[in-house]
There are 2 protein chains.
Amino acid sequence: MADEKKQVEQITSMAEDFAQWYTDIVSKAELMDYSSVKGCMIFKPAGYAIWENIQKNLDAMFKKAGVENVYMPLFIPESLLEKEKDHVEGFAPEVAWVTHGGLEPLEERLCVRPTSETLFCDLYANLVHSYRDLPKVYNQWCSVVRWEKTTRPFLRSREFLWQEGHTAHATAEEAQERTEQMLNLYAEFCEKYLAIPVVKGRKTDKEKFAGAEATYTIEALMHDGKALQSGTSHNFGDGFARAFNIQYTDKDNTLQYVHQTSWGMSTRLIGAIIMVHGDDSGLKLPPAIAPVQVMIVPIMQTKEGVLDKANELLNSFNAAGIRAKLDSTDKRPGFKFAEQEMRGIPLRIEVGPKDIEAGTCVAVRRDTHEKLTLPLNDLTEKISGLLEDIQQNMYDTALAHRDSHTYDAVEYEEFKKTIDEKPGFVRAMWCGDRACEDRIKEDTGATSRCMPFDQVKLSDKCICCGKPAKALVYWGRAY
Amino acid sequence: MADEKKQVEQITSMAEDFAQWYTDIVSKAELMDYSSVKGCMIFKPAGYAIWENIQKNLDAMFKKAGVENVYMPLFIPESLLEKEKDHVEGFAPEVAWVTHGGLEPLEERLCVRPTSETLFCDLYANLVHSYRDLPKVYNQWCSVVRWEKTTRPFLRSREFLWQEGHTAHATAEEAQERTEQMLNLYAEFCEKYLAIPVVKGRKTDKEKFAGAEATYTIEALMHDGKALQSGTSHNFGDGFARAFNIQYTDKDNTLQYVHQTSWGMSTRLIGAIIMVHGDDSGLKLPPAIAPVQVMIVPIMQTKEGVLDKANELLNSFNAAGIRAKLDSTDKRPGFKFAEQEMRGIPLRIEVGPKDIEAGTCVAVRRDTHEKLTLPLNDLTEKISGLLEDIQQNMYDTALAHRDSHTYDAVEYEEFKKTIDEKPGFVRAMWCGDRACEDRIKEDTGATSRCMPFDQVKLSDKCICCGKPAKALVYWGRAY
C-alpha cells in the first residue's frame, strides 16, 4: 500500500489550499514542467495531447465556419506595432525585444509577437483592393509572448499557445456578425467538448482589448468560485483599417475602409478544465477531449488468459474509435488505479481471472467513482454509451455548481458581503461609469466579468453609486 | 482570352529562368507572401494548407512509431546554448537575441531557438534517473529562427516551420536504431505522400550537424538538377549527455550516460514539391498531399441543371472522402482552368449541358494534361482510381528524372565536366579526406550530398586525389 498512499498523499486537498492543489495536479498528472527560462513552461506529453485535441476539434469547427489558416512571422517591427495608438499602449510594456540578429545589432528593434493584429493589418492592406477580395477570414495557431511578472501554469506564462483569428469585412454589420459568430462558436466548443458552461457577454470599456471598439467574452466559473475569461472576440470597427490604410473599392466604385475583428482562445483552457472538473484524486478529463478515454487494468495479469483478454478488449475499443490504452506494466493494480485517476482518464476497465470466468469486467467511472459490473458481450457499445453519460454528467455538474454559485445583489453592503463570503459570480446593476468599476475593484477585489447577452433588470439603480442603471453585470474575482 | 493569356504570361518558363519560375509559382499559386519583416515570409492559405497535410500525415506516422509530442519554450538562455561546444559554434553566429523583456533589460540574453537540442537535454537531465525512464521519444512542431543573410521562399528564411524529434536511449545501439528508423520513415513519407524519390545516406563529417556524431540525410533531385537536403536524422552518441549530465542508473545499479538522437523535416518540403513536380503551367500537387484534389468547373453554369449537377458531384466526392471544390464564381471557364492548373490541383472535372445530356463529364489530369470523357455513373470510384494513378505517375516521373540525371564518374576531368554540363547527381569514389571535399567544392561548386546506404564500388581510387577510396559519394550542386 505504501506506493498508493504516497501518490495520494502528495496532492494537497482542494479545500485546504486550492492554489497548491492546482499546482500539484499540473505536476502529478505530468501536464507541465518548469524550464530554465523564467516564466516559460514545458508542455509535457499528457498536457500537450490535450491541446492537440482542443486544436483538432476547434479547427474543424473553424473550417466549417469558413476560416482559413495561415502563418505570420514571429516578429513585429517596432514601427509597425506603433501604428495603432491604443494597441501599442496596451502591449508595448509587456513585449520581448529582439535587438541583435547573429553578431550584428538590428537597424530596427523587433518585438516577439504578443498578438498579431498589426501583421494581419499589414497583410490585408496589401491583399485587399476590391469588394471582391472580401471577406478575409484568416486564423493562425501559434505561440505568443507577453513578459508577465507573475506566472502560473496554463493561466499566465511568458509564452503560451493559442489561435488568433483576424478578419476583414466590407461592412460594419458583417464584422459585428462575425464577432458574435465566433463568440458563439467558442461557447459551443467549451460546452460540447470541455463540458464547461460559460456566460456570454460584452466587456466594459475598462476591460476591453487594446484597440477594440467592443470586446465580447465567455466567462467560466472555477471550482473555487473565481472566474476565468476563457475566450474573447473583438470588433475593431474601422480603427485599425484607418491606422493601416486598408481600403477597398465598393460596387459603386467608392473607396471604403474595411471593418475588422479578431478572436482567440489559448492553452488557458487546460487550466479551466483542471479547475472546473478536478477533484482530490486528481485531474478529471471530459471524454470528448481526453487523449485516453479508457484505461484497461488487468488484474493478476500473469494468470493465463488475462492479458489476452485485456488485449482483445483494447483492440475492440480502438477499432470502434474509442481511445483506449492497456496498462500492462509490472506496477500493482492499486498503483495503476491511483495513476489513472490522477491523470483524469474518464473510465477504467478492470479485468481479471474471476471476471473472465463470469464473462464480465468491472468499469469504474472517474466522474462519480461508481463501479459497474458489465458483461463482456457488446461491451464496446456499452462503453461508448458510458463515455457519453460521463460527458453529460460532467457538464451538468459544472452547470449546477455555477448556478448555485451565482448570486444576485441589489444593495452595495449585500454585494460586498456576498463577494467576500460566497465565492462565485455576483450579478448586479451598473450605471456604466468607470468610477464605479474602479471603486468596486478597490472595495472587493472583484472586476466586471461581462454584461451578459441575457439582460435582466434586478433594480433601477447602480449597485455602487445609486444613479440610474444601464446594464446588468456579472462581477467576480478572477484569474 | 485576355485574362487567361495574362495569367499564363506571368509565369516565366522553367527553361528560361528556373529561379524566376520558382518565385513566380510561389506568388501566382498564392503559397507565400513577403512580410514587413526582412527575411520572414507569410504562409498564405494555399501554402499553409499543404503544410497542414504534411503535419497530419507525418504526425500519424510518428505516433505509430511511438513518438510523443511536447512543446518547449521559444527562448534559450545564452548559458544553456553554450553548454555543448560544437553546437554553440555552429549556431551562435546565426541566432536572434532577445535583450529586453517589457521595459527592462534582461539579466541574461535569450536566443530565439534555432533548434532545441539544448532545451531537450535540460529537460531529460531532470526527467531521466533510472533505466525505467527510458527511452524518451519526444517531438515538437514549432517555428525556428536562423538569421540568414540571403533568403528564398520555403528554402531558406529567417523563420521556418518544422518538427524536431529528440530522443534519449539506454544504449548506443538503440540510439543508432532510432536514428535509422526515423530516416527511413522520412524517406517513406516523401515517397508515399510527396511522390518524391530520395537517396538515403550518411553525411560526411564536413556536412554533419553541429554536435552530432553522425548525420543521416535524404537527398532529393530538383527539376533543374540541383539537390535538396529534405530531412536529416542525427546520432549524438553521448556527447550532449556528457555536456548536460544526463545519467541514469542501469539494471546493475551503475550510472550511465544516455545516448541521444534528433531528427527534423521542415517547410522546405514545400519547395521540394514545387521544384520536383511543377511545370510551366504552375504548381503540380501529388493527390495524397493536395489540400484540394478535384476542382469541379461547371460549363455554361447559368443553364438550368448545370449547377445542380455540379453540386451533386461535389457532395458525392466529399462523401467518399475525396477533397473536392466547386468553382461557381462568375469568372470564365478558361480562366478557372488556368487558375486550377496554376494551383496544382491534381484533377479537374468539367460538366456542362451537353455532358449532362450525354450522361458524362470531362476529367483533365494535371500531371499529363490528358482529357478523359467519363460516365457520370460510378464516377466517384473512377475518380479515386484516377487520383491513385496520378500519384503513382508523378512518383514514376520523378524517379525517371532522377535516374536519368544520375551519372557515374571515375576520372576527375570527366567528373568536373559532368558537374558542369549535366545538372544532376554525380556518383564518384572518395578517400574520406576533407581536403578533397574542399577542392571539389572549389573546382565545381558541388558538395558531397551523402554516402548512400547502397554502396557500390566504381573504382579503387578517390576521384580527386587518386588515393585509395573509402566510400561512394553522391555529389551535386545543392540548394
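Taken together, the values in this text are just the output of simple stated rules run on the coordinates, not laboratory data. Bear in mind that the values here come from a model prediction, so they are computed numbers and not experimental data. FYI the Cβ positions are ideal-geometry reconstructions off the backbone, even for glycines, and counts take in every protein chain you see.
Quick notes on this one:
- Calculated label separations, B:E104, copies of the chain, 7 Å along the beta-carbon direction, nm: 3.3
- Once the convex hull of all Cα atoms in the stretch B:1-160 is built, its volume per residue stands at 183 Å³.
- Cα-based Rg of the stretch A:406-476 normalised by 2.2 N^0.38 Å, two decimals: 0.94
- At an R0 of 22 angstrom, the distance between the Cβ atoms of B:N253 and B:E177 translates into a FRET efficiency of 0.30.
- Residues whose placed amide H lies under 5 Å from that of A:T151, excluding near-sequence neighbours: none
- For the residues of B:31-40, the average number of beta carbons from a partner chain within 10 Å of their own beta carbon is 6.
- Per the Cα gyration tensor, chain A maps to an equivalent ellipsoid with semi-axes of 43, 28, 22 Å, ordered largest to smallest.
- Built from the Cα atoms of the stretch B:186-300, the convex hull projects on average onto 11.0 nm², one quarter of its surface area.
- With the label put 7 angstrom out from Cα along the Cα-to-Cβ vector, B:M61 ends up 3.3 nm from the copy partners, going from closest to farthest.
- Vicinal HN-Hα couplings computed from phi for the stretch B:441-457 (Karplus, 6.51 cos²θ - 1.76 cosθ + 1.60; Hz; Gly/Pro x): 4, 5, 6, 10, x, 8, 10, 6, 7, 5, 9, x, 4, 7, 8, 10, 10
- Net charge of Cβ neighbours under 13 Å - reference A:E107; Lys, Arg +1; Asp, Glu -1: -1
- Cα centroid separation, the stretch B:117-179 to the stretch B:406-479 (Å): 31
- Beta-bridge orientation, the stretch A:294-386: approximately 55 percent antiparallel, per DSSP, counting only bridges with both partners inside.
- With label points set 7 Å from Cα along Cα→Cβ, the inter-copy distances at A:N377 are 4.4 nm, sorted shortest first.
- Secondary structure note: in the protein assembly as shown, about 85% of the DSSP beta bridges are antiparallel.
- Computed from phi, the 3J(HN,Hα) profile of the stretch A:320-333 under the Karplus parametrisation 6.51, -1.76, 1.60 (θ = phi - 60°) reads 8, x, 8, 7, 10, 9, 10, 9, 9, 5, 8, 5, 6, x Hz, with x in place of Gly and Pro.
- Using only Cα coordinates, the Kirkwood hydrodynamic radius of the stretch B:294-386 works out to 13.0 Å.
- Span from the the stretch A:39-91 Cα centroid across to the the stretch B:53-107 one, whole angstrom: 18
- Antiparallel content of DSSP bridges confined to the stretch A:63-160, in %, to 5: 85
- Average Cα contact separation per residue, the stretch B:222-372, under 8 Å, 6 or more apart, as relative contact order %: 21
- Length-normalised contact order for chain B - Cα pairs under 8 Å, 6+ apart - percent: 14
- Here the relative contact order of the stretch A:294-386, from alpha carbon pairs under 8 Å that lie six or more residues apart, stands at 30 percent.
- Counting every alpha-carbon pair across the stretch A:2-277, the share separated by more than 30 Å comes to 34%.
- Note that the stretch A:126-137 has calculated 3J(HN,Hα) couplings of 7, 8, 9, 10, 10, 4, 5, 7, 10, x, 10, 10 Hz, one per residue in order, obtained from phi through the Karplus relation 6.51 cos²θ - 1.76 cosθ + 1.60 (θ = phi - 60°); glycine and proline are x.
- Alpha carbon convex hull of the protein assembly as shown, volume per residue in cubic angstrom: 200
- Proximity of backbone amide H atoms, modeled 1.01 Å from N, is registered between A:Y407 and A:F425, A:V426, A:R427 at under 5 Å, excluding neighbours fewer than 5 places apart on the same chain.
- Each part gets one Cα centre, and for the stretch A:198-270 versus the stretch A:306-380 those centres are 45 Å apart.
- Within chain B, helix-based [θ] at 222 nm, where runs of 4 or more DSSP H residues each add -39,500 (n - 2.57), nearest 500: -11500 deg cm²/dmol
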